[in-house]
Amino acid sequence: MPYKRIVVEVISQKGTCAAGHKIGDRIIFEEGEVKGKLCLSAMHSMLPKIYAMTYEANFPWLKNKDEATHTLSFQGRALTLDPNHDQ
């Protein structure tokens, strides 16, 4: 079964990111690879969601199963990521 392509884009930011992420950055999960800059904190926190979306998981609380934002918060800073942003 081929992997589903997941495109993640940083859509909002509060404060500065120690790893240098900024609004508009994109990370692509495709064919078992990760393309683009992604810090370990973001990777660790969002990997379960990315893995589930890759295999067409159904999150019953979402209106669209292909759109699920993910917020990473640390010491008053927040980074919101949008998996499958504008595939």
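Coordinate-derived values only; no laboratory data. As the structure is a computational prediction, the values presented were derived from the model and not from experiment. Positions of Cβ are backbone-derived with ideal geometry, glycine not excepted, and every protein chain shown enters the neighbour counts.
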The lysines whose Cα lies under 19 Å from the Cα of LYS49, excluding any fewer than 8 residues away in the same chain, are LYS4, LYS35, LYS37, LYS63, LYS65
Listing ARG5, ARG26 by rising number of other beta-carbon atoms within 10 angstrom, fewest first, gives ARG5, ARG26
